[in-house]
Amino acid sequence: MRQTLIVGNWKMNGLTADLAWSEAMIAALPDGPGVRAVALCPPFTLISSFAARLPGWISLGGQDCATAVSGAHTGDVSAPMLADLGCRYVIAGHSERRADHGEADAVVRSKAEAALKAGLTPILCVGETLEERESGAAEAVVTAQLEASLPECEPGSLVIAYEPVWAIGTGRTASAADAQAMHRALRSALPGGHGDVTAILYGGSVKPANAAELLAQDDIDGALVGGASLKAEDFAAIIAAGQ
Ligand code: 13P
């Protein structure tokens, strides 16, 4: 059985005043997250403060890491630095990094490898654009992205996130049936031994109103939540949805 994992991705949002999210989460889920595992990926600037403040049931993650361990890379943050702060996860290849920073599959793969070497669990993101979906190429595009960005690793040592680009921050969500079909295709595209044990999260306008239906699908093992994770009450409602 794969445990359901709910991850909040704050993207480039959050100031020190927003650390009170931690107490709001405890108030919203006083008995903890139930059977689900939970992680938060705040901006780098808040990781240390959250590490000192979050309840034990919320793990931390970075939103990106460098391919290198250290050195002359101004502005970059390495996987060992994230591990040093107590992170358990790091997102690799989010579509916003692929688009804004030109990160190709080979770079994403190197980032996932760097994460694994540092003892972190990469959350490897894939997803198609609207044009790719409308032209009927979604499955081919997404499985090709997965194959080209997947590092060699032990089964169960990474997490995949399917995030259709057209559903991110748009309020438009993939239907549960379409998301399930893509998750099934991704699971089949994973190398031998990985399919049964790899958690595949869905991301793209997940909110309290649609979380239960998405999470009920056989191959959807959790959610990567952007906008709705900024509000503790909404994120808590997603964690609780359908349990
Ligand atoms: P939204 O939930 O805001 O659509 O963002 C999804 C996402 O990109 C999470 O990584």
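The values are calculated or read from the model by the stated rules, or taken from the named source; none is laboratory data. What you see is a predicted model, and the numbers here were worked out from it, not measured in a lab. Here the Cβ positions follow ideal geometry from the backbone for every residue, glycine too, while neighbour counts run over all protein chains shown. Only protein heavy atoms, including side chains, enter the accessible area calculation; ligands, DNA and RNA are left aside. Shrake-Rupley method; radii C 1.70, N 1.55, O 1.52, S 1.80 Å.
Of a type outside the set (Val, Ile, Thr), open to solvent by less than 70 Å² (accessible area, probe 1.4 Å) and more than 27 Å from Ala181 (Cβ to Cβ): does that describe Gly71? Yes, satisfied. Mind listing whichever residues of region 1-30 are under 22 Å from Val206 (Cβ atoms) and not hydrophobic (A, V, I, L, M, F, W, C)? Within region 1-30, Arg2, Gln3, Thr4, Gly8, Asn9, Lys11, Asn13, Gly14, Asp18, Ser22 qualify. Taking Ser110, is it under 15 Å from the mean Cα position of the chain (by Cα) and either away from the ligand (no atom under 15 Å from the Cβ) or open to solvent by 30 Å² or more (accessible area, probe 1.4 Å) (or both)? When the stated conditions are applied, Ser110 does not pass them. Residue count for region 74-105 under the criterion of being open to solvent by 70 Å² or more (accessible area, probe 1.4 Å) and over 25 Å from Phe50 (Cα atoms): the result is 3. If Ala209 satisfies every condition in (1) touching a residue at least 24 places away in the same chain (Cβ under 8 Å); (2) within 26 Å of Trp57 (Cβ to Cβ); (3) not charged (D, E, K, R) but one, which is the exception? Evaluating Ala209 over (1) touching a residue at least 24 places away in the same chain (Cβ under 8 Å); (2) within 26 Å of Trp57 (Cβ to Cβ); (3) not charged (D, E, K, R) leaves (1) as the failure.
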